[in-house]
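Notes for the one structure printed next.
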Amino acid sequence: MTNNNEYKSIPQEKFAFVNEGERLTDKQFDDKPIGYFKDAWIRFRKNKASVVATVIIICIILFAFLAPLFNTRYDSRFMDTYYAKKGPRSIALYNLGVDGGVERDYSEKGLIMSLAVGIGAEDWDDHDATLQEGLESKYQPILEIGEGIVSLDALKKEKVTYPGYVDTYLDVGFLYRSVEQAEYQRIVAFEEETGLKVLYPLIENNEYTPDPNNANYWYKMVKNQPVTIDETGDVDKLYYEDLVNGVPLEDNYKRDAEGNVKYYEYTGGGTAETAQYKIRVLYYNYYIYQNGFEPSYLFGTDSQGYDLMLRLAGAIQLSLFVAVCVSAINFVIGALYGSTEGYYGGAIDLTMERISDILAGVPFIVVATLFQIHLSAKVGAIPSLLFAFVLTGWIGTASRVRTQFYRFKNQEFVMAARTLGANDRRIIWKHIFPNSLGTIITSVALVIPSVIFTESMLSYLGIVKLGTAAQTSVGTLLSDASGIWTNYPHLMIVPAITISLLMICFNLFGNGLRDAFNPSLRGVED
Amino acid sequence: MAKYVVKRLVLMVFTLFVITTICFMLIRILPRELPTDKVLQQVILARWEALGYNEPLLTQYGIYLKNIFTELDFGTSWYISFRTPALEVLTSKILPTVMVNLGSLFVAIPIGILTGCFAAIKKNTWIDSFISTMVIVFISVPSYVYAFLVQYFLYFKLDLIPVTVYSLADAGGSWFTWKMIHSMIGPIIALSFGEIAGLCRFTRAELTETLTSDYMLLARTKGLTRAQATIRHALKNAMVPILPMIIGSFIAIMSGSMIIEKIFAIPGVGQLYIMSINLFDYDIFMLDTIFYTFIGLLGGIVTDLSYGFIDPRIRMGER
């Protein structure tokens, strides 16, 4: 320890004036001052969960707005009823080996029926395609077949089930169409141009056809059992094992007198242009003929045959639109109402509180229902939903603003402003309101997930009907899927995951905002 | 205290009256649908005439109020259950709703409070962050997603609870048979997730606050162990806001969850509400509106009042 005695006698020349001849001023700040919002932003940035949530929200919003833009082939109104409820299938991924098939158990007859689609696709040029050719066909719906499993059914009869792996798009197989002659010519021209086979021979309507409307029964069947018939007319049952051993399916095509297969049949209509032809098409290629591209749906198709990705993007847009509108309107009404209540107090406060009490007492579901019944025919479903949200939605924001005003209105800075002659409006908006802005922004941000949830719930219950040809909502997608989704899981999984993710992220985002704006958390962070 | 209770009750009656009046007007001016059956049409039209449905709106409202106060008659169901008093239709639907929601409360309360306490005691450890993360997830995910998950994993994949009760007689003639309760397990689980998460978050917040208060320091200083101090002092004080919330949710169980009732086909109040809208059964719709409003207001009052009963230090009605 230094002893003060050492400094008892310091020579005079050692002393010098500090900053002699210079003006003494305050030092300039090296860095910029940190304001309220910047401070909040710094704290928000430190909250990793909120940042991640914000990034995910931005991704979902980008998806919702960019997915329709990138899909230049068709818009959200595009639908194909034959490819409804189909699982995800992407051509780009298909070429990489991701086939998007689903597992399915087949009975023997069902297996032959599905296999026959691929065999039939190769069978057209008047030679009997074998199973091997069928399996190698591009149009073979069954991608893999497992070993048959023998089990006993309810009647203690042995039955064999084959676990299969199937492409549900190709499984649609053949369909009958009725087209005009000109269209028929166009299809023929398309076939020549692209080399894709669309038209297939028609099927004879005889005793070997169990269902004349099913274009997939192109082979001979007796009592739903595939058969072969030799020259003497003997009926021989055909089993899957026979197919494996190389016995071809016997076709049942419609033939003319010379024995050539018929590709079309005149069904009516007078002139050459309006003559109606019945044709049998391989639907996969017919789809390409109609639309110019192969079916490729990244999220699959919904229960009606729309592209689920575009419908979902539209639904997210709708949810976000409703949520942002509601929170913006709530913000304005709540701020005005709450600040008036809080600032003036007394009788005004009491009256306005009673009014908001009464409004808060009305169950929201009743408000939504009544607005839908009364208004949706006049102004549409979405505006009447907005009205319903706004009617009672602002009450929470207003009461928060009111509390903040009670907190600040008697503080010194307000008194100072008043003493300096500021009028009420200036005190409210310039002095008190900015102080309560953090709380309000938080509550407005937390309105968004609750609106998204309520909107999906109302449309799920069918109280608000938002499903149209152009747009749908998450709730409608889910309620369309509700009865059938155990067979088509993607119908439920995709919208459910999306809305859960949106809800989680918006809640995390709101919580992050609350922590950032709440100064009482300063210093507690660790 | 008594003055405050009376004041709240009067206010509640007033609010209920205003809401009822507005809703009555809005519902009565809706166009009414008639069945296609000509004979039934005549019958219904004659009944409506006799019941004064063709009078001016205010007269109708007078008749409606008079019937409620003199005969407890809230109108008649015309489509859901032909010519049954609306009140009877509603009361027959309350029990299923209450049973399912009560079941989920019985599951949610112990689990929610226990996990909440656990998270608060282990604050700032990985257990706490794990529970808090799960709470955020479980609160955010919509209830119908849980319903789908329960249906998929318990019913479809594991084949655990595939009980369908077709009618009351099918379940053994009572609401309290084993088969009936068995069939309720699915919706109870689906409802519980959100409630557990909500309760857990609330308990954690309250208990962390009480655990850091001065009286806890005193308790530890005077020689209590951490467990003793937590149970005797912190938990008791933390319960002050938690209990009213639980009491409030016991009132709210009567209104139930519409979406869960729809997904699991529970013949409850929520399903009745949706049916009344779809079938244009407006007397039922009106009664349902009154019922929901009443339950909502009552829940608020009971929650507020129970603060005073649980903690006498809280004086009700003071500003």
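Give me the helices (runs of 4 or more DSSP H) completely within region B:159-263, filtered to those with at least 3 residues that are at pLDDT 85 or above and aliphatic (A, V, I, L, M), ordered by residue number.
Numbers: elements: B:178-211, B:214-221, B:226-229, B:235-252, B:258-263.
Because the criterion is at least 3 residues that are at pLDDT 85 or above and aliphatic (A, V, I, L, M), the helices (runs of 4 or more DSSP H) in region B:159-263 that meet it are B:178-211, B:214-221, B:235-252, B:258-263.
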Test: residue in region A:76-85 that is surrounded by fewer than 18 Cβ atoms within 10 Å (Cβ to Cβ) and within 27 Å of A:VAL222 (Cα to Cα): no
Residues within region A:141-181 that are exposed (fewer than 13 other Cβ atoms within 10 Å of the Cβ) and more than 39 Å from the chain's Cα centre (by Cα), tallied: 9
Identity of the residue in region B:285-319, hydrophobic (A, V, I, L, M, F, W, C) and more than 22 Å from A:ILE358 (Cα to Cα), that ends up nearest to the other protein chains (Cβ to nearest Cβ): B:ILE314
Helices (runs of 4 or more DSSP H) completely within region B:67-157 that count 3 or more residues being within 14 Å of chain A (Cβ to nearest Cβ) and within 23 Å of the chain's Cα centre (by Cα): B:126-140, B:143-150
Some residue of region A:296-313 being of a type in the set (A, V, I, L, M) and either within 14 Å of chain B (Cβ to nearest Cβ) or not in a helix (DSSP H, G or I) (or both): yes
Test set (1) at pLDDT 85 or above; (2) more than 29 Å from A:LYS85 (Cα to Cα) - A:ASN206 fails condition number: (1)
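Look through A:THR397, A:THR403, A:THR392 and report the one residue that is polar (S, T, N, Q), buried (at least 21 other Cβ atoms within 10 Å of the Cβ) and either within 14 Å of another protein chain (Cβ to nearest Cβ) or in a helix (DSSP H, G or I) (or both). Spell out how you get there, then give the answer.
Values: A:THR403 fails: buried (at least 21 other Cβ atoms within 10 Å of the Cβ); A:THR392 fails: buried (at least 21 other Cβ atoms within 10 Å of the Cβ).
Just a single option satisfies the conditions, and that option is A:THR397.
Look at region A:362-373 and say how many of its residues are at the interface with another protein chain (Cβ under 10 Å from one of its Cβ atoms), part of a helix (DSSP H, G or I) and crowded, with 19+ Cβ neighbours inside 10 Å.
Filtering region A:362-373 down to residues at the interface with another protein chain (Cβ under 10 Å from one of its Cβ atoms) leaves A:362-367, A:369-373.
With part of a helix (DSSP H, G or I) added as a condition, the list becomes A:364-367, A:369-373.
Next, only the ones that are crowded, with 19+ Cβ neighbours inside 10 Å stay: A:365-367, A:369-373.
Counting residues in region A:362-373 that are at the interface with another protein chain (Cβ under 10 Å from one of its Cβ atoms), part of a helix (DSSP H, G or I) and crowded, with 19+ Cβ neighbours inside 10 Å gives 8.
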Enumeration of residues in region A:374-386 that are in a helix (DSSP H, G or I) and either within 25 Å of the chain's Cα centre (by Cα) or within 18 Å of B:GLN271 (Cα to Cα) (or both): A:SER376, A:ALA381, A:ILE382, A:PRO383, A:SER384, A:LEU385, A:LEU386
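Condition test on A:GLY118, is it within 19 Å of A:ILE203 (Cβ to Cβ) and either surrounded by 14 or more Cβ atoms within 10 Å (Cβ to Cβ) or not aromatic (Phe, Trp, Tyr) (or both)? Steps first, please.
Working: within 19 Å of A:ILE203 (Cβ to Cβ): yes; either surrounded by 14 or more Cβ atoms within 10 Å (Cβ to Cβ) or not aromatic (Phe, Trp, Tyr) (or both): yes.
Here the answer is yes, as A:GLY118 does meet what is asked.
Which residue out of A:ILE440, A:ILE448 is touching a residue at least 60 places away in the same chain (Cβ under 8 Å), within 14 Å of chain B (Cβ to nearest Cβ) and buried (at least 19 other Cβ atoms within 10 Å of the Cβ)? Show your work before the answer.
Details: A:ILE440 fails: within 14 Å of chain B (Cβ to nearest Cβ).
From the options A:ILE440, A:ILE448, the qualifying one is A:ILE448.
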Residue check, B:ALA252 surrounded by fewer than 21 Cβ atoms within 10 Å (Cβ to Cβ), within 14 Å of another protein chain (Cβ to nearest Cβ) and over 26 Å from A:VAL362 (Cβ atoms): no
Residue match in region A:265-280 (condition: in a strand (DSSP E or B), under 22 Å from A:GLY120 (Cα atoms), under 43 Å from the mean Cα position of the chain (by Cα) and among the aliphatic types (A, V, I, L, M)): yes
Any pair with Cβ under 6 angstrom, 6 or more apart, that starts in region A:494-513 at a residue that is touching a residue at least 40 places away in the same chain (Cβ under 8 Å) and more than 7 Å from chain B (Cβ to nearest Cβ) and ends at one that is of a type in the set (Ser, Thr, Tyr) and surrounded by fewer than 22 Cβ atoms within 10 Å (Cβ to Cβ): A:PHE509/A:THR54; A:LEU513/A:THR442
Filtered residues of region B:283-314 (kept if out of contact with any strand residue (DSSP E or B) (no Cβ under 8 Å at 6 or more places or on another chain) and of a type in the set (A, V, I, L, M)): B:MET286, B:LEU287, B:ILE290, B:ILE295, B:LEU297, B:LEU298, B:ILE301, B:VAL302, B:LEU305, B:ILE310, B:ILE314
Any chance B:TYR79 is free of Cβ contacts under 8 Å to residues at least 60 places away in the same chain, surrounded by 14 or more Cβ atoms within 10 Å (Cβ to Cβ) and aromatic (Phe, Trp, Tyr): no
Those strands (runs of 3 or more DSSP E) lying entirely in region A:140-220 with at least 2 residues among the aromatic types (Phe, Trp, Tyr): A:158-166, A:174-180
Flag if A:VAL247 is at pLDDT 80 or above and either assigned to a loop (DSSP other than H, G, I, E, B) or in the same structural domain as A:TYR200 (by TED's automatic domain parsing) (or both): no
Set A:TYR488, A:TYR460: member being surrounded by fewer than 22 Cβ atoms within 10 Å (Cβ to Cβ) and within 13 Å of chain B (Cβ to nearest Cβ): A:TYR488
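Could you check, for region B:21-38, whether at least one of its residues is more than 14 Å from every other protein chain (Cβ to nearest Cβ), of a type outside the set (Gly, Ala, Ser) and assigned to a helix (DSSP H, G or I)? Break it down into steps so the answer makes sense when it comes.
Let us first name the residues in region B:21-38 that are more than 14 Å from every other protein chain (Cβ to nearest Cβ), namely B:34-38.
Next cut, of a type outside the set (Gly, Ala, Ser) only: B:34-38.
Still in the list and also assigned to a helix (DSSP H, G or I): B:38.
Within region B:21-38 (the criterion being more than 14 Å from every other protein chain (Cβ to nearest Cβ), of a type outside the set (Gly, Ala, Ser) and assigned to a helix (DSSP H, G or I)), the answer is yes, since at least one residue qualifies.
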Given (1) within 12 Å of chain A (Cβ to nearest Cβ); (2) surrounded by 19 or more Cβ atoms within 10 Å (Cβ to Cβ), number of the condition B:ALA238 does not satisfy: (1)
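Please work out if B:LYS7 is more than 14 Å from every other protein chain (Cβ to nearest Cβ), on the phi < 0 side of the Ramachandran plot, loosely packed, with under 13 Cβ neighbours inside 10 Å and not in a loop (DSSP other than H, G, I, E, B). Let's see the steps before the verdict.
Working: more than 14 Å from every other protein chain (Cβ to nearest Cβ): no; on the phi < 0 side of the Ramachandran plot: yes; loosely packed, with under 13 Cβ neighbours inside 10 Å: yes; not in a loop (DSSP other than H, G, I, E, B): yes.
Criteria not met by B:LYS7.
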The one condition in (1) of a type in the set (Phe, Trp, Tyr); (2) modelled with pLDDT under 85; (3) more than 20 Å from A:GLY305 (Cα to Cα) that A:TRP485 fails to fulfil: (3)
Unmet criterion (only one of (1) surrounded by fewer than 21 Cβ atoms within 10 Å (Cβ to Cβ); (2) within 12 Å of chain B (Cβ to nearest Cβ); (3) within 15 Å of the chain's Cα centre (by Cα)) for A:GLN471: (2)
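The values are calculated or read from the model by the stated rules, or taken from the named source; none is laboratory data. All values derive from a computational prediction rather than experimental measurement. All Cβ positions, even for glycine, are placed from backbone atoms using ideal geometry, and neighbour counts span all protein chains on display.
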